[in-house]
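**Student:** Quick one: the structure is below, questions incoming.
The values are calculated or read from the model by the stated rules, or taken from the named source; none is laboratory data. Predicted, not measured: the structure shown is a model, and the values here were computed from it. Please note: Cβ atoms are built from the backbone with ideal geometry, for glycine as well, and neighbour counts cover all protein chains shown.
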Amino acid sequence: MKSKTMEKSQNNIGVLEEHPLGVQPRFKVGDRVQLRDMPYFFYTRSQMWARGVVGTIAALTYSDLVPEDEAFNVDGRVEQYYIVRFRQKDVWADYPFEDDTIQTESPERWLEPIS
Amino acid sequence: MTDTPKYGSSGADQCHKAAPTVGEITDFEILEIAVRELAIERGLFTADDHRRFTEFAESIGPAGGSRLVAKIWTDPAFKARAMQDPVKACLEIGIDWSKPTGFGTPSDYTHLTILENTPTLHHVITCTLCSCYPRPLLGMSPEWYRTTNYRRRLPRWPRQVLAEFGLILPPEVEVRVEDSNQKCRFMVLPVRPEGTENWTEEQLAEIVTRDCMIGVALPRPGKTADVHPVHKARRPVHSSHQEEGAR
């Protein structure tokens, strides 16, 4: 068991950053979020269909490394993962059914709060 | 078939034949073989371990998932435990997500989430990234689940894809696509169908087919296998391997 409260680790572009030990989820179920459209190096699991779309946090799942770090064996920051729910009409403008939804899973840094 | 175009130089009665499928190997398959052989050479596991593990993974099948659903339908206390901690609940029906073989697991990740259907909400699962699938529970994924066709069309046209499986849902039922694109693995918990009152767990398990747990079918009494609609080709291409009588 580590007793310190802060730790340093490399982020996915190799920069050391300091952050609290353990995971403090930034979002709760029901929060409005937008999946960011960020660049990445060679590997990501943030799918293009969901980039830039505004949705709702449906569940908090687990905390883990982000794929962009893990893919390169970088011992980066462990962070909270969420299931995000979107209206199909917000993803595809001409989607014909009002109430249909689609969900994706995302680590915290890919989510932007929407007030 | 007299108007069939003829190919090749011979003037013989020779129809155009479909080229035989060539067994190709992808770069990733070559990579897998290379890594496996290195691991065996380094003594991380033996060739026999690998064979036993592969045979185990291929032998699992969806029966565990069927038992899980049947128990959830009949035992409310078990349902509460399963929705709270699905991986732990799996142990109660004899499925160990962590060390089923004693030396490994066929699951890359062990975050199982059960998606509960209701009369007005229907879940269906895909992995747009690759083909993530709850293997300890459902075994190897079906071939169609891994195709780019299914993976790219389901998020965009879910109702049309479901209709191709023979499942047509009314507009008032919300269709919810789950993209299994990170480390969660998903299983659909279908609604227990009418006409199954007083059935035993074993009877119920028989109608919970693999497709019901992916979300491309609904369970119903009497249906114990995944049968997909077969559409006859409207303009079939004939080749010489077909029987003469079929032309």
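**Student:** In the range B:170-203, how many are touching a residue at least 12 places away in the same chain (Cβ under 8 Å), at the interface with chain A (Cβ under 10 Å from one of its Cβ atoms) and either under 22 Å from B:Met140 (Cβ atoms) or in a strand (DSSP E or B) (or both)?
**Tutor:** Count: 11.
**Student:** I'm trying to understand the selection: among the residues of the range A:56-115, which are in a loop (DSSP other than H, G, I, E, B), without any contact (Cβ under 8 Å) to a residue 60 or more places away in the chain and more than 7 Å from chain B (Cβ to nearest Cβ)?
**Tutor:** The initial filter retains those residues of the range A:56-115 that are in a loop (DSSP other than H, G, I, E, B), namely A:66, A:71-77, A:92-100, A:114-115.
Add one more test, that the residue is without any contact (Cβ under 8 Å) to a residue 60 or more places away in the chain, and what stays is A:66, A:71, A:73, A:92-100.
Within the range A:56-115, A:Val66, A:Ala71, A:Asn73, A:Ala93, A:Asp94, A:Tyr95, A:Pro96, A:Glu98 qualify.
**Student:** In the range B:19-46, how many are at pLDDT 90 or above and loosely packed, with under 10 Cβ neighbours inside 10 Å?
**Tutor:** The number of residues fulfilling the criteria is 3.
**Student:** Filter the range B:28-82 down to the residues that are aliphatic (A, V, I, L, M) and more than 25 Å from the chain's Cα centre (by Cα) and list them by number. Can you show your working first?
**Tutor:** Initially, the range B:28-82 is screened for residues aliphatic (A, V, I, L, M), giving B:30-31, B:33-35, B:38-40, B:44, B:47, B:57, B:60, B:63, B:68-70, B:72, B:77, B:80, B:82.
Those that are aliphatic (A, V, I, L, M) and more than 25 Å from the chain's Cα centre (by Cα): B:Ala34, B:Val35, B:Leu38, B:Ala39, B:Ile40, B:Leu44, B:Ala47, B:Ala77, B:Ala80.
**Student:** What do you reckon, is B:Leu167 of a type outside the set (Asp, Glu) and surrounded by fewer than 20 Cβ atoms within 10 Å (Cβ to Cβ)? Walk me through how you get there before you give the answer.
**Tutor:** Values: of a type outside the set (Asp, Glu): yes; surrounded by fewer than 20 Cβ atoms within 10 Å (Cβ to Cβ): yes.
For B:Leu167, the condition - of a type outside the set (Asp, Glu) and surrounded by fewer than 20 Cβ atoms within 10 Å (Cβ to Cβ) - is met.
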